[in-house]
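Scroll down for the structure; my scribbles are underneath it.
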Amino acid sequence: MNQPPPTTPAAQTSAKHRPLPSVPHRGVRIAGTGMAVPERVYTNADIATLCETSDEWIYQRTGIRQRRICDPRKGESNLTLCTNALRNALEASKIPAAQLDAVIVGTITSDMKCPSTACMVGAALGAGTAQAFDVAAACCGFVYSMNLAHDLIRVGTHRTIGVVGCDSVSCFTDFTNRNVAILFGDGAGAAVLHATDDATKGVIAQINKADGTGWDNLFVPGWDQQIPDNADRQVVVPGCLHMNGKEVFKFAVGTFQNLIKETLDMGQIKVEDVDMFVCHQSNARIIQAAVDRFGIAATKVYVNIDRFGNTSAGSVPICLDELVKAGRIREGMVIMFVAFGAGLTWSSSLWQV
Ligand code: UT7
């Protein structure tokens, strides 16, 4: 039962400033997970037919063997991936779409600029009038959204939220540009978060940050005037993803490790108390650097970049779903989600599930 909100002097004097309803002892559980990837596989050998690169170079520098790429002629798109991933998560949770209070989609590759992908996913699945909106945080899209959804449930305004992380970066990849063609793949993952009376379940610590001063290291210019003056116009092209790989790599290695440390400190736990790290699959070398720095057991860090490439907002929830399906995430475990990407953005979420 909901308790009346605490009475504060402000609440007594002004109806406008009533505190949000809060539910004591409310926890949040991950009720179900799902994923969806395109059928079409692009191996490194396929990429090497489109730009000057090789299977050996790509695998050594990134850990990637292949990725999935949407085929619009077969009706595959960001929307179909999001919808299928959330449908699968709802099925796993045994919660009908009509019970969702919100659909949140972390994506920067929506099929349409308007409306949000979340509105269309909600409509496709029968979510009725559930609140729906997208979160544009690039590779952090899922972790940002998951933290937000968690807090909405914890505070008591929502009970059930479908969270999707999805990107189909192929829609703005120039496959003749080897800087980006080798790295990204398309894919979606989703989780259904649901209120529980067990207050031990949910987020122990979370960090959500951005530094917009680094935006020009990873961006898609809309038109010519948006290209920075100092950029090489042969390389930076309107409508195509541009990445300063070296700079992003440096940012990612440092940020990833600081993020893990700060999240552990915030949660007041030791690295060995974390049962599983669910990390953004940006580059296997970036993940390995964090593993080496903290001495994390290889069994506690999931890596699937070899099969899917870097799916941006899709990578963390795809890992989550594969781990859940493999029985490697079980009730009571402590899990850390970690992501970083364009913006620049970085985000973590430490859970007891
Ligand atoms: O998820 C969003 C955030 N994104 C990331 O986290 C990506 C971060 N960056 C990276 O993962 C890496 O910077 C890349 C994988 C993109 C590039 O790897 P790198 O080790 O930084 O390569 P590099 O740009 O330093 O290039 C090394 C060499 C150069 O040749 P020289 O000058 O040593 O002769 C490049 O010309 O490799 C060459 N090279 C390539 N060769 C074959 C660069 N790209 C390629 C390529 N294929 N695709």
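What follows is calculated from the coordinates using simple rules that are stated; it is not laboratory data. Here the structure is a predicted model, which is why all the values come from computation and not from measurement. Every residue, glycine as well, gets a Cβ built from its backbone with ideal geometry; the counts of neighbours run over all protein chains shown.
Could you identify which residue out of 158, 242, 25 has the top mean-square fluctuation in a GNM of the chain using Cα springs shorter than 10 Å?
Greatest mean-square fluctuation among the candidates belongs to 25.
Who wins for biggest fluctuation among 35, 336, 120 in a Gaussian network model of the chain, springs between alpha carbons below 10 Å?
The residue that fluctuates most here is 120.
Quick check for you: which residues of segment 178-215 have the amide N under 17 Å from the point 7 Å beyond the Cα of residue 261 toward its beta carbon?
207
Which whole-number percentage describes the relative contact order of segment 82-186, with Cα contacts under 8 Å and a sequence gap of 6 or more?
Computed value for segment 82-186: 32 percent relative contact order.
Mind running the shape call on segment 180-312? Use the C-alpha gyration tensor, a ≥ b ≥ c as the square roots of the eigenvalues: rounded below 1.5 for a/c, prolate if a/b tops b/c, oblate otherwise.
The shape class here is prolate.
Taking loop as defined by DSSP and a crowding limit of 13 other beta carbons within 10 Å, which chymotrypsin sites (Phe, Trp or Tyr not before Pro) in segment 178-286 fit?
Answer by residue number: 223.
Please sort by residue number the chymotrypsin sites (Phe, Trp or Tyr not before Pro) in segment 108-150 whose DSSP state is loop and whose Cβ has at most 11 other Cβ atoms within 10 Å.
none
Name the residues whose placed amide hydrogens come within less than 5 Å of the amide hydrogen of residue 204, ignoring near sequence neighbours (fewer than 5 apart) on the same chain.
Amide H neighbours of residue 204, under 5 Å, 5+ apart: 350, 351, 352.
Among 288-299, 260-271, how do they line up from the highest to the lowest mean number of other beta-carbon atoms within 10 Å?
260-271, 288-299
Find the relative contact order for the chain and round it to a whole percent, using C-alpha pairs within less than 8 Å whose residues are 6+ positions apart.
Computed value for the chain: 24 percent relative contact order.
Tell me, what ³J(HN,Hα) does each residue in segment 248-257 have, in order and in whole Hz, if you take phi through Karplus 6.51 cos²θ - 1.76 cosθ + 1.60 with θ = phi - 60° and put x for Gly and Pro?
Taking θ as phi minus 60°, the curve returns 5, 4, 4, 4, 5, 4, x, 5, 4, 6 Hz for segment 248-257.
GNM on the chain, C-alpha springs below 10 Å: top fluctuator among 113, 300, 201?
In this elastic network of the chain, the residue with the biggest mean-square fluctuation among 113, 300, 201 is 113.
Step through the residues of segment 52-67 one at a time and calculate ³J(HN,Hα) from phi using the Karplus curve (6.51 cos²θ - 1.76 cosθ + 1.60, θ = phi - 60°), rounding each to whole Hz and writing x for Gly and Pro.
Karplus-based 3J(HN,Hα) across segment 52-67 equals 7, 7, 8, 4, 4, 4, 4, 5, 5, 8, 9, x, 8, 10, 7, 8 Hz.
For the chain, give the share of DSSP beta bridges that are antiparallel, in percent and rounded to the nearest 5; count only bridges with both residues there.
Rounded to the nearest five, the antiparallel share is 70 percent.
Out of residues 5 or more away from residue 132 or on other chains, whose amide H comes under 5 Å of its own, with H placed 1.01 Å from N in the peptide plane?
Residues meeting the criterion, in which the H sits 1.01 Å from N, are 103.
On average, how much area does the Cα convex hull of the chain cover when viewed from any direction, in nm²?
For the chain, averaging the hull's shadow over all directions gives 19.3 nm².
Rank-order 84-91, 146-153 by packing density, defined as the average count of other C-beta atoms within 10 Å over each peptide's residues, highest first.
Taking the mean over residues of other Cβ atoms within 10 Å, the ranking is 84-91, 146-153.
With θ set to phi - 60° and the Karplus curve 6.51 cos²θ - 1.76 cosθ + 1.60, what are the ³J(HN,Hα) couplings of segment 110-127 in order, to the nearest whole Hz, using x for Gly and Pro?
Karplus-based 3J(HN,Hα) across segment 110-127 equals 4, 5, 10, 6, 8, x, 5, 4, 4, 4, 6, 5, x, 5, 5, 9, x, 8 Hz.
Please list, ordered by chain and number, the residues whose modelled amide H lies under 5 Å from the amide H of residue 244; skip anything fewer than 5 residues away on the same chain.
218
Semi-axes of the equivalent ellipsoid for segment 27-196, please: Cα gyration tensor eigenvalues, times 5, square-rooted, ordered largest first, whole Å.
32, 15, 13
Classify segment 264-353 as rounded, prolate or oblate from the Cα gyration tensor: take a ≥ b ≥ c as the square roots of its eigenvalues, call it rounded if a/c is under 1.5, otherwise prolate when a/b beats b/c and oblate if not.
Since a/c stays below 1.5, the shape of segment 264-353 is classed as rounded.
Pairs 261/300; 250/325; 300/325: which exceed 26 Å Cα-Cα?
Those over the limit are 250/325.
Quick one: angle between helix 284-294 and the longest Cα principal axis of the chain, in degrees between 0 and 90, rounded to 10, please.
50
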